[in-house]
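No lab work stands behind these numbers, since they all come straight from the coordinates. The structure displayed is predicted, hence computed values, not measured ones. Cβ placement follows ideal geometry from the backbone for every residue including glycine, while neighbour counts extend to all protein chains displayed.
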Amino acid sequence: MVITNHDILVWLEEVKDPEIPVLSLIDLGVIRNVDIQDTKVKVTMTPTFSGCPAIDMMKQDIVDILRSHGIEDCEVVVNFKDPWNSDMISEKGRQAIKKFGIAPPPSNGLVLDLDVLENINCPHCDSEDTLMKTPFGPTLCRSIHYCNNCQQAFEQFKPLQ
Amino acid sequence: MNELAIKELLFKMADDQLILGHRNSEWNGLGPILEEDIAFCSMAQDKIGQSLAFYSILHEMGESDPDKVAFTRNAGQFHNCHLVELPIGEYDFSLIRHFLFDTAEYLRFQSLTNSSFTPIAEVAAKIKGEIQYHVLHANTWIKQLGTGTDESIQRMQKSLNMAFPYALGIFEESQYEGDLLSENIFEGEHILRERWIEEVDRVVGQTELILPDLAAEEAHLGGRIGEHTKHLQPLLDEMSEVINIDPNAEW
């Protein structure tokens, strides 16, 4: 069987962000390259935040998924050559994040002031009457907000340039 | 390219990040409000992750693996500036240090995105966006507490006066400044210091705080060549407590 890049990308759809298990690494936008040499597959990825502790888990998940499809010889390389930014999350990914209960980052997210994190649409009721409580959250890529309309706290996937 | 010069630059940046990352993490569970506790822990995690990126470049250049480099050197082998090794003190001091240091970091990485040494330029481009959140967080508090009550202004001023000469030590020049500049690896500490003063002055100027008189201040130097305050070694001992139980353990 000849394996194509397309096959690999389809299989990688099964690998999810360990902290947002509805979001695939493809939709998160962190897969940079797939290189196939005979039976050897090399996947290159880049982290969302450089201190992200989930990177090792994602690397292992990629290896596990490829093995389950019969690819024994695979390598996952992490580098910063083409760094991630929040505009690299696909539209499908943004919808998945929102459905999971987290506000997706504003697109074309130029972070010039913390004001950019104010009045984020609430993922539960869509209201703009929301307050940022802190630009930091339970993971490096999230901030914490409060919706005055439905009176729920929620998180946002932070914009990053 | 001058490998010694590049390594020295990498070591001082990595060590600054690692040490301040650990200091920030000391607010874990002790922050004055929950959101600030989370903020300092997130910044700690960012900084330690960023130090790993620089130690990884050093590893590719032939140094030991990042864990060894981070946890098995003694104080005399660290290249961080004195500012980052000082104890966390009261919250006003930690906020002032965060402001003075992260403003410098942001400018440093902004400049290094143009470095002719590609591995540094790539990492700098990545972490500049992360540090921006740190700077925005610091500026918010400097403005709020620097224009708040008499007590908040007086506390912030006292910490600013105390931290300022240490902050000047961030820009201690290396013996390789000329090489780094001529090879377009790094613009150098002098120009960075000028930009930093301008930016710190701009933010402080929006508050009741007064920036200490530069002419009257003497920078605390020595950190970049391994001469440290009494506070670094106890911190390193604490950081390496677990690894020292069994340095060859497989994790």
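Annotations
- Difference of contour (0.36 nm per residue) and Cα-Cα distance, A:ARG32 to A:ASN149: 38.1 nm
- Considering only B:GLU26, B:GLU198, B:GLU187, the Gaussian network model of chain B with Cα springs below 10 Å gives its largest mean-square fluctuation to B:GLU198.
- Remark on A:ARG32: its backbone amide H falls under 5 Å from those of A:THR44, A:MET45, A:THR46, a criterion applied only to residues 5 or more positions apart or on other chains, H modelled at 1.01 Å from N.
- Rounded to 5, percent antiparallel among DSSP beta bridges of the protein assembly as shown: 70
- Among the residues of B:34-47, the average count of other protein chain beta-carbon atoms within 10 Å of the residue beta-carbon is 4.
- Within a Gaussian network of chain B (alpha carbon springs, distance under 10 Å), most fluctuating of B:ASP213, B:ASP237, B:ASP37: B:ASP213
- Efficiency of FRET between B:LYS158 and A:GLU13 - r from beta-carbon atoms, R0 51 angstrom, step 0.05: 0.35
- Listed residue pairs exceeding 32 Å between alpha carbons, taken from A:LYS42/B:LYS126; A:LYS158/B:LYS230; A:LYS92/B:LYS12; A:LYS40/B:LYS7; A:LYS42/A:LYS92; A:LYS92/B:LYS143: A:LYS158/B:LYS230; A:LYS92/B:LYS12; A:LYS40/B:LYS7; A:LYS92/B:LYS143
- Using a simple spin-label model with pseudo-atoms 7 Å out from Cα toward Cβ, A:SER68 and B:SER240 lie 4.2 nm apart.
- The protection proxy used here, the mean number of other Cβ atoms lying within 10 Å of each residue, ranks peptides A:130-136, B:55-61 as follows, highest first: A:130-136, B:55-61.
- Other protein chain C-beta atoms within 10 Å of residue C-beta, averaged over B:124-133: 6.
- Taking chain A as a Gaussian network of alpha-carbon nodes connected by springs under 10 Å, the highest mean-square fluctuation of the residues A:VAL77, A:VAL30, A:VAL41 belongs to A:VAL77.
- A Förster distance of 45 Å, applied to the separation of the beta-carbon atoms of A:LYS42 and B:ASP150, puts the FRET efficiency at 0.15.
- Relative contact order [Cα under 8 Å, 6+ residues apart], chain A, whole percent: 19
- Computed [θ] at 222 nm, helices only, for the protein assembly as shown once each DSSP H run of length n ≥ 4 contributes -39500 (n - 2.57): -15500 deg cm²/dmol
- Mean Cα-pair separation over length for chain B, i.e. relative contact order, pairs under 8 Å, 6 or more apart, %: 25
- Within region B:69-109, the GluC sites (Glu not before Pro) that combine a DSSP coil assignment with at most 15 other C-beta atoms in a 10 angstrom radius are B:GLU90.
- When only alpha carbons are used to place a centre, region B:209-251 and region A:139-161 end up 35 Å from one another.
- Total charge dipole magnitude, chain B, about the Cα centre, Cβ charges on Lys, Arg, Asp, Glu only, Debye to nearest 20: 260
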